[in-house]
Amino acid sequence: MNQIDVEPEVLEVSALGRAYGPVDDGVIARTGPLAGTSKCATTGTVLAAWDVSFAVAAGEALGVIGESGSGKSTVMRCIAGDVVPSAGTVTLRRSDGSFATITEMSPAEVRGLRVHDLAIVHQNPADGLDLRITAGGNIADPLTAAGWRNFGSIRERAGELLRRTEVPLERMDDPVGAFSGGMRQRVQLARALANNPSVVLLDEPTTGLDASVAAGVLDLIRSLLEEFSIAAVVVSHDFSVIEMLTQRCVVMQHGRVVEHGLTDQLLEDPIHPYSQRLVGAARS
Amino acid sequence: MSRTEVLDVAGLTKSFTLHNIDGRSVVALDGVDLTVKAGEHVALAGSSGAGKSSLLKCVYRTYLPSSGSVVLVDEHGERIDLLSLSEREIVALRGRRLGYVSQFLRSQPRRTALQIVADAAVMRGVVRGDAVAMAEMALNRLRLDRSLWDVHASVLSGGERQRVNLAAGTVSPPRLLLLDEPVSALDPANRVAALDLIGSLTESGVAVLSVFHDLEAMERLASRVVLMRAGRVIEDGPPTEVLQLELGVAR
């Protein structure tokens, strides 16, 4: 269909799998939604994720939903380059237009990619920030890693990012450990955006925040994703978060994608039995 | 003057399989054929459960149709089969060509009434500067008090929110607009203003497919009324004739 223009894909996950133990056709057949488990009863192999494919375009957010243990985090870690997959590839289009196959990169190359092109916002700010150092220092970290050397420009950029994420500038030199939960998430966002990444992974970005604070952070995330035309992957067990941030979703169960669709369709007309159960539970 | 077709629905069926309730199947649409032309307002009538909202949701792809075809004819005369499009293509289409206004406003928290309407215009390709001016016009037209424009929509009353929702759905209108009870919470004076606005959309060439629960709105706005029962179209014709029939059915 060429009469509808869609943005180019920035992140492509293709037939991704992560196995703990040997894999053969039997293992694949004895695991997954039909088998009702991600662990093979014969060999003991665990397929934490298998045959996971999706693509995300610039300015688009894709949701990944499923219960604990469904493989969401494994997929996120493989994209981030923290876990080496057993199968499949993850490809990212950098802001300069070149392509990087994360799954084939060395640890040093992955670190470089994480500085420039791929940022992660963790559920727990302590995983993404050093709580002992200042907000400004936390943001300066990825900037210096990207080669920024001038103290004045770094402070100026950090100030600009804090303003954009609605953190009062007078708190720039306070240690992040002294910040409220909502403010820590804002600093994490500021840090994530420091080098204009093309992809941002959001892992339960508002879990643990009060409802009113969460609403503010969500609103900010959505505006930032739009403004900077970022490709985002959002993991959350909270459907209101998924509904607000994403246009499309994949549903995972026992390490496999059981359904993909438009977010409003998945929430109003889930087709797969597992999706129906998941949505039914959230709605009741 | 023959008008161009905008929506062509043929043999559309939708059934829900309830896997977690003994796997039973519920039929919502049972072979619907329907067309809407540019500048035409087709109103769906029938009792609750007849399939009116299901039809709108199948066209918007909030429901995944089971079989049949839903074709949107674009401004160049190209026929786009909505059921064959990828999810990303549907998302792109939902901007400028396909719109849906429900009874309820769904928006980000912390957005003001004016921002919500201006955002909707931007999503349909209007530049930001013009979008704000268009949003102001739309809110004025729906008589939303100016003092409420910069207030977060979450604190507005039901009727005020519904007007914001209608303004957002109709500002720089899409080629095909689906309306699902868009004026249900409005008092008489605001309702008249809202119906005027919807009438003017049709005059400017927008194709409208609607569900209204009141016959007066249908009589006033519709070029045709399509009467549904049990997921099928049982009558399709001029409003007065079909509505007479519907009253008969209701009795």
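So the values come out like this:
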item: Single condition B:Ser147 does not satisfy, out of (1) open to solvent by 40 Å² or more (accessible area, probe 1.4 Å); (2) within 14 Å of chain A (Cβ to nearest Cβ); result: (2)
item: Scan of region A:130-145 for residues that are over 14 Å from A:Leu193 (Cβ atoms), open to solvent by 50 Å² or more (accessible area, probe 1.4 Å) and not in a loop (DSSP other than H, G, I, E, B), ordered by number; result: A:Thr144, A:Ala145
item: Test: residue in region B:6-19 that is open to solvent by 60 Å² or more (accessible area, probe 1.4 Å) and modelled with pLDDT of 95 or more; result: no
item: Verdict on A:Ala215 being among the small types (Gly, Ala, Ser) and open to solvent by less than 10 Å² (accessible area, probe 1.4 Å); result: no
item: So A:Thr144, is it free of Cβ contacts under 8 Å to residues at least 60 places away in the same chain and within 24 Å of A:Ala108 (Cα to Cα); result: yes
item: Wholly within region B:184-238, strands (runs of 3 or more DSSP E) carrying at least 3 residues that are open to solvent by 50 Å² or more (accessible area, probe 1.4 Å); result: B:232-237
item: Residue in region B:156-173 that is among the hydrophobic types (A, V, I, L, M, F, W, C), within 18 Å of B:Val101 (Cα to Cα), in contact with a Lys or Arg (Cβ under 6 Å, 6 or more places away or on another chain) and assigned to a loop (DSSP other than H, G, I, E, B) present; result: no
item: Per-region count, region A:169-225, residues away from chain B (no Cβ under 14 Å), under 15 Å from the mean Cα position of the chain (by Cα) and not in a helix (DSSP H, G or I); result: 10
item: Filtered residues of region A:226-237 (kept if more than 13 Å from the chain's Cα centre (by Cα) and within 14 Å of chain B (Cβ to nearest Cβ)); result: A:Glu226, A:Glu227, A:Ser229
item: Neighbours by Cβ (under 6 Å, 6+ apart or cross-chain): first from region A:8-20, closer than 12 Å to A:Trp50 by Cβ; second of a type in the set (Phe, Trp, Tyr) and part of a strand (DSSP E or B); result: A:Gly17/A:Trp50
item: Residues being touching a residue at least 12 places away in the same chain (Cβ under 8 Å) and part of a loop (DSSP other than H, G, I, E, B) - total across region A:83-100; result: 6
item: Entirely in region B:16-85, the strands (runs of 3 or more DSSP E) that have 1 or more residues that are more than 14 Å from every other protein chain (Cβ to nearest Cβ); result: B:24-37, B:41-45, B:67-73
item: Positions within region A:1-50 being assigned to a strand (DSSP E or B), among the charged types (D, E, K, R) and more than 14 Å from chain B (Cβ to nearest Cβ), in sequence order; result: A:Arg18, A:Lys39
item: Residues that are in contact (Cβ under 8 Å) with a residue 40 or more places away in the chain, more than 24 Å from B:Asp145 (Cα to Cα) and open to solvent by 10 Å² or more (accessible area, probe 1.4 Å), drawn from region B:95-125; result: B:Arg96, B:Arg97, B:Tyr100, B:Arg124, B:Gly125
item: Residues within region A:107-161 that are touching a strand residue (DSSP E or B) at 6+ places or on another chain (Cβ under 7 Å) and polar (S, T, N, Q), tallied; result: 2
item: Evaluation of B:Ile80 against (1) over 28 Å from B:Leu245 (Cβ atoms); (2) of a type in the set (Val, Ile, Thr); (3) free of Cβ contacts under 8 Å to residues at least 40 places away in the same chain; (4) open to solvent by 10 Å² or more (accessible area, probe 1.4 Å) (one fails), failing number; result: (4)
item: Cβ-Cβ under 6 Å pairs, at least 6 apart or on other chains, region A:258-284 side in contact (Cβ under 8 Å) with a residue 12 or more places away in the chain and at the interface with chain B (Cβ under 7 Å from one of its Cβ atoms), far side among the acidic types (Asp, Glu) and open to solvent by 20 Å² or more (accessible area, probe 1.4 Å); result: A:Leu262/B:Glu87
item: Residue under evaluation A:Gln247, criteria (1) surrounded by 23 or more Cβ atoms within 10 Å (Cβ to Cβ); (2) facing chain B (nearest Cβ under 10 Å); (3) in contact with a helix residue (DSSP H, G or I) (Cβ under 7 Å, 6 or more places away or on another chain); (4) not aliphatic (A, V, I, L, M), criterion not met; result: (1)
item: Any hit, region A:259-269, residues being part of a helix (DSSP H, G or I), buried (at least 24 other Cβ atoms within 10 Å of the Cβ) and not hydroxyl-bearing (Ser, Thr, Tyr); result: yes
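The values are calculated or read from the model by the stated rules, or taken from the named source; none is laboratory data. Everything numeric here is computed off the predicted structure, so don't read it as measured data. Here the Cβ is made from the backbone with ideal geometry for all residues, glycine too, and neighbour counts use every protein chain on show. Just so you know, the surface numbers come from the protein's heavy atoms only, side chains and all, with ligands and any DNA or RNA stripped out. Shrake-Rupley method; radii C 1.70, N 1.55, O 1.52, S 1.80 Å.
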